[in-house]
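See below for the structure under consideration.
The values are calculated or read from the model by the stated rules, or taken from the named source; none is laboratory data. What you are looking at is a predicted structure, and each value in this text was computed from that prediction instead of being measured. Backbone-built Cβ (ideal geometry, glycine too); neighbour counts: all protein chains shown.
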Amino acid sequence: MNYNKKTVRDVDVAGKKVLLRCDFNVPMAKDGSGVITDDKRIVAALPTIQYLLDQNAAVIACSHLGKPAATFESYAKKQAEKGKDAKKEDWEKSLKQLSLAPVAKRLSELLGKDVMMAADVVGPDAQAKAAALQPGQILLLENTRFEKGETKNDPALAKAMADMAEVYVSDAFGAVHRAHASTAGVADYLPAVSGFLIQKELEIIGGALANPKRPLVAILGGSKVSSKIGVINNLLEIADTIIIGGGMAYTFSAAEGGKVGNSLLEADWMDYSKEMMEKAKAKGVKLLLPVDTVCADKFAPDANSQVVKAGQIPDGWEGLDIGPETVKLYCEAVQDAGTVIWNGPMGVFEFPAFAKGTEAVAEALSKTSAITIIGGGDSAAAVQQLGYADKMTHISTGGGASLEFMEGKELPGVACLLDA
């Protein structure tokens, strides 16, 4: 995939209407009060928005939020699967809770200027407000997933959105791995370029994959081998060292003939894990697996725990973190790295007793002089939570997107942008 894409600086937006796809999929308070509990994604969009406004563009921003059922029929189907009856007022209430109105309010506060809110995506209100929008003004469309054509990449919806503007700017890296109407479809009808957020992701992650400062060390954690197989496969072609932690390490351990007790195990993927180990050997890539494990007698924050050698977990016990010897081994491996890519925690970091492996790796990365790239999702949350975020070179804004990027997959929301 070509990572060298035109950016918002490469087009003249003065006096033009710009459709800007943002990632405003922010966490909201569970009580339905519309309180945004973390506005990081809104803040991340500000440089591109501010640039467009400074260039005298009229900005029509759009985003999805959550997974609303776009029709009452789809809502009723979901309810039926849960064994519940569907009421129209409940569906309407569920939509109200996923309105972007609170985002418009927060964006107004951050920009220090009024952000108009449309009552729909391509309906009469959005059309009228977009038509009346003046240069230097900003309008936010309602949740794109309120339209059932959004996730199906419906050309009619994409064209209706594109008809409101003259240029399309994509800045929602967290959504570029999906070919939806607002992330890819609109590029069929408008000149499409990237905003600053996507430009940064492409330069940093793309650069680390295409031309890394060596040695390149990849740390892969998380629960499942199946979700990381593509990444491991692709990284075996470019990395010098691959470090495996988290729940997926037990599948590798079992593949080597080890005892894993009640640990997370994907038995169907054991042969594949074996294959990966052989491939690493053949390619001269160091594949580091845990040498010891912190295991517990139950999956709970207050479980009894003990440290055992890898592959020697007693029956009835389950591995929940990497052990102290493994911590030492992994921290040494990143010390002299040129580039480190990290995706997925080393253990159940939500439980303080089993967060030590993840904490130690985060601390080691904060002290290395390497380029450090955190691939979104849980590892990004862990780094933020532990207070090491400002010590990292780059924290990706897209978990799923950065994972597919590292797999070498084509990202539809990037492929549709104009090449530089």
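Here is a yes/no grid of residues against (1) outside any loop (DSSP other than H, G, I, E, B); (2) of a type outside the set (Phe, Trp, Tyr):
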position: TRP91; (1), (2): yes, no
position: LEU110; (1), (2): yes, yes
position: LYS159; (1), (2): yes, yes
position: MET164; (1), (2): no, yes
Test of understanding: among THR372, THR326, which residue is among the polar types (S, T, N, Q) and assigned to a helix (DSSP H, G or I)? THR326
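Between LEU98, LEU52, LEU20, LEU107, which is within 25 Å of GLU150 (Cβ to Cβ), among the hydrophobic types (A, V, I, L, M, F, W, C), touching a strand residue (DSSP E or B) at 6+ places or on another chain (Cβ under 9 Å) and modelled with pLDDT under 95?
Among LEU98, LEU52, LEU20, LEU107, only LEU98 is within 25 Å of GLU150 (Cβ to Cβ), among the hydrophobic types (A, V, I, L, M, F, W, C), touching a strand residue (DSSP E or B) at 6+ places or on another chain (Cβ under 9 Å) and modelled with pLDDT under 95.
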Given the structure, is ILE232 at pLDDT below 95 and closer than 22 Å to GLY400 by Cα? yes
Within region 8-40, the residues that are surrounded by 21 or more Cβ atoms within 10 Å (Cβ to Cβ), outside any loop (DSSP other than H, G, I, E, B) and under 21 Å from the mean Cα position of the chain (by Cα) are LEU20, ARG21
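What about GLY34, is it at pLDDT below 90, touching a strand residue (DSSP E or B) at 6+ places or on another chain (Cβ under 9 Å) and of a type in the set (Gly, Ala, Ser)? Before the answer, list the steps.
Numbers: at pLDDT below 90: yes; touching a strand residue (DSSP E or B) at 6+ places or on another chain (Cβ under 9 Å): yes; of a type in the set (Gly, Ala, Ser): yes.
For GLY34, the condition - at pLDDT below 90, touching a strand residue (DSSP E or B) at 6+ places or on another chain (Cβ under 9 Å) and of a type in the set (Gly, Ala, Ser) - is met.
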Name the residue, out of THR368, THR393, THR372, that is in the same structural domain as ASP292 (by TED's automatic domain parsing), touching a Leu at 6+ places or on another chain (Cβ under 6 Å) and modelled with pLDDT of 90 or more. THR372
Residue pairs, Cβ under 7 Å, 6 or more apart or interchain, first in region 348-359 and farther than 15 Å from GLU325 by Cα, second part of a helix (DSSP H, G or I). List them. VAL348/PHE354; PHE349/THR358; PHE349/ALA382
Of the conditions (1) assigned to a loop (DSSP other than H, G, I, E, B); (2) at pLDDT below 95, ASP120 satisfies every one except a single condition; which number is it? (2)
I'd like to check something: does region 126-136 contain any residue that is outside any helix (DSSP H, G or I), in contact with a helix residue (DSSP H, G or I) (Cβ under 6 Å, 6 or more places away or on another chain) and loosely packed, with under 15 Cβ neighbours inside 10 Å? no
